[in-house]
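Structure record follows, encoded as structure tokens.
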Amino acid sequence: MRRLIAKRERIVRARRVQHVLASVKTTRAQNEALALEDNAQRVRSVRAELFDVGKITSGAALASHRELAGRLEQAGRQLDGAIYDAHKRVEQREGERQLANRDQEIAERLKEKAARAAAEQMEARLQSLPRRNRSVLLGDV
């Protein structure tokens, strides 16, 4: 019975590590998504600042600003796709974290069940002994 409890404790430790790793992956994916959103916001703000009144003084400057605005717009669209993918990864990692958490909880319950069974088995053995032997084992004599 002790081997079973030790085996269950090893499983609990492994499941705990799996849960921690899944949590780290989830956090990393969330941070990546936030960084992409921040970059997209910065691209939008730079594009909006391009056409402030008074900065453009010639046709060549206007053309270069339009080209830069077009490139920033394209970069923004690409970032939108990357943000969408990042949010999908966050959802996937969150699902993995929840599965790891569930597996950890199951392993803990199985370990507790094995410990209770071992305690009940020991109690049953003690109860099956004659009264005199029981008191010697328990130290009552």
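The values are calculated or read from the model by the stated rules, or taken from the named source; none is laboratory data. Owing to the predicted nature of the structure, the values given are computational and were not obtained by experimental measurement. Backbone-built Cβ (ideal geometry, glycine too); neighbour counts: all protein chains shown. Just the protein is used for accessible areas: all its heavy atoms, side chains included, with ligands, DNA and RNA removed. Shrake-Rupley method; radii C 1.70, N 1.55, O 1.52, S 1.80 Å.
A few remarks follow.
- Picking from residues in the range 106-120 that are open to solvent by less than 70 Å² (accessible area, probe 1.4 Å) and either touching a Ser or Thr at 6+ places or on another chain (Cβ under 7 Å) or of a type outside the set (A, V, I, L, M, F, W, C) (or both), the one that is nearest to R15 (Cα to Cα) is E108.
- Tally, over the range 33-82, of residues that are over 25 Å from R93 (Cβ atoms), part of a helix (DSSP H, G or I) and in contact with a His (Cβ under 9 Å, 6 or more places away or on another chain): 1
The rows are residues; the columns are (1) under 30 Å from A124 (Cα atoms); (2) charged (D, E, K, R).
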| site | (1), (2) |
| --- | --- |
| T26 | no, no |
| Q30 | no, no |
| E73 | no, yes |
| E112 | yes, yes |
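- The lone criterion from (1) modelled with pLDDT of 85 or more; (2) surrounded by 12 or more Cβ atoms within 10 Å (Cβ to Cβ); (3) not aliphatic (A, V, I, L, M) left unmet by Q74 is number (2).
- Checked against (1) in contact with a Phe, Trp or Tyr (Cβ under 9 Å, 6 or more places away or on another chain); (2) modelled with pLDDT of 90 or more, A86 passes all but a single condition, namely (1).
- Filter result for the condition that a residue is surrounded by 15 or more Cβ atoms within 10 Å (Cβ to Cβ) and small (G, A, S), over A48, A22: A22
- So A82, is it among the small types (G, A, S) and without any contact (Cβ under 8 Å) to a residue 24 or more places away in the chain: no
- Cβ pairs under 8 Å, 6+ apart, first in the range 4-17 and farther than 14 Å from I106 by Cβ, second assigned to a helix (DSSP H, G or I) and open to solvent by less than 50 Å² (accessible area, probe 1.4 Å): L4/A114; L4/A118; I5/A114; I5/A115; I5/A118
- Any hit, the range 53-71, residues being open to solvent by 70 Å² or more (accessible area, probe 1.4 Å) and touching a residue at least 40 places away in the same chain (Cβ under 8 Å): no
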